[in-house]
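Structure record follows, encoded as structure tokens.
All of the numbers you see were taken from the coordinates with simple rules; none came from a lab. Remember, predicted model here, so these are calculated numbers, not experimental data. Cβ placement follows ideal geometry from the backbone for every residue including glycine, while neighbour counts extend to all protein chains displayed.
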Amino acid sequence: MARIRVLVVDDHRIFAESLAAALAAEPDVDVAAAGSGPAALRALERGAAEARPYDVILVDAELGALATGGAPALPASRPDDPALVDGISLVAGVRATRPAVRSVVLAEKDDPRCAARALQAGASGWVAKDCSLQRLLTVIRGVLRDETHLPPALLTGVLRELTATRKHRSESEQLVESLTPREREVLRCMVAGLGRKAVAERLFLSPHTVRTHMQNVLGKLGVHSTLAAVALARRAGVGPAEPVTVRLAGDVVERGSQLA
């Protein structure tokens with residue numbers, strides 16, 4: 001019998017242990033629990049190193065709420081960032097680094113917006129925490145067949161959210177397309193977090209010229225700050241400028257996105 005390896009990720013210890021115990025009673029399920037995003041990533045890494053990879057992770061939709069006192073969870077700059085504490089970021093990180101692992105989000109309440117974000121991040125399912133064990137097992141086995149599982153009551157709201165997101169992205173893409181090639185280069189540098197001086201050095205331009213380009217970018221995008229421009233660029237799928245490789249006396253030094 002092929003066994004399914006499941007990782008429960010929830011910082012509510014009693015819930016995590018109870019769910020893990022219930023799943024462990026199934027003859028074809030191996031289960032472990034992790035109490036945070038970083039702990040989950042370490043467990044996934046250990047499983048892969050031991051040639052016992054996990055098949056499915058069950059992630060609390062409000063993962064990290066205990067650590068942040070109910071405030072919004074900290075964003076992660078990388079999939080393995082220790083600051084990664086929220087469930088949606090964990091789903092996205094796992095999707096990026098271990099695409100074979102299926103993610104299912106466990107939620108205390110139905111939230112179309114959060115469910116849509118989870119699907120966009122790479123989740124294959126959204127399940128209520130108070131669902132029956134049989135329902136949860138059906139979802140686990142279903143996502144391993146590449147099925148997507150959502151409660152019927154959420155479908156309309158999730159589709160509305162996804163449609164709105166696509167429209168918003170389309171509008172952002174049109175604005176970015178209005179930029180000249182040089183302005184798009186400057187925008188990618190802004191997405192990479194470079195300041196005016198660093199952009200000037202990278203593009204071999206004067207700081208005054210870069211300042212003009214940045215002002216033009218903000219004007220064409222219809223925003224009033226660099227942060228707003230970066231947010232719009234990311235919605236449009238604009239990535240950061242690539243790191244620069246510098247050769248010094250025969251040695252190759254790769255400089256990060258932040259240039260001196």
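Give the calculated FRET efficiency between Glu171 and Asp110 to the nearest 0.05, with a Förster radius of 30 Å applied to their Cβ-Cβ distance. Efficiency computed from Cβ-Cβ geometry: 0.60. For Ile57, nonlocal amide neighbours, meaning residues 5 or more places apart or on other chains whose placed amide H falls under 5 Å from its own, are Leu7, Arg102, Ser103, Val104. Under a 5 Å amide H cut-off, with hydrogens placed 1.01 Å from N, Leu63 pairs with Gly87 among residues at least 5 apart or on other chains.
From most to least packed by mean Cβ count within 10 Å, the peptides 52-61, 10-19 give 52-61, 10-19. With θ taken as phi - 60° and the Karplus curve 6.51 cos²θ - 1.76 cosθ + 1.60 applied, the whole-hertz 3J(HN,Hα) list for the range 86-93 is 8, x, 5, 5, 5, 4, 5, x Hz, x standing for glycine and proline. Which aspartates and glutamates have a Cα less than 14 Å from the Cα of Lys129, not counting those fewer than 8 places away in the same chain? Within reach: Asp10, Asp11, Glu17, Asp60, Glu62, Glu108, Asp110, Asp111.
Taking a virtual spin label 7 Å from the Cα of Arg182 along the C-beta vector, which residues in the range 209-230 bring their backbone nitrogen under 20 Å of it? Those under the cut-off are 209-222. Between His224 and Ala24, the simple spin-label model (points 7 angstrom out along Cα→Cβ) gives 5.7 nm.
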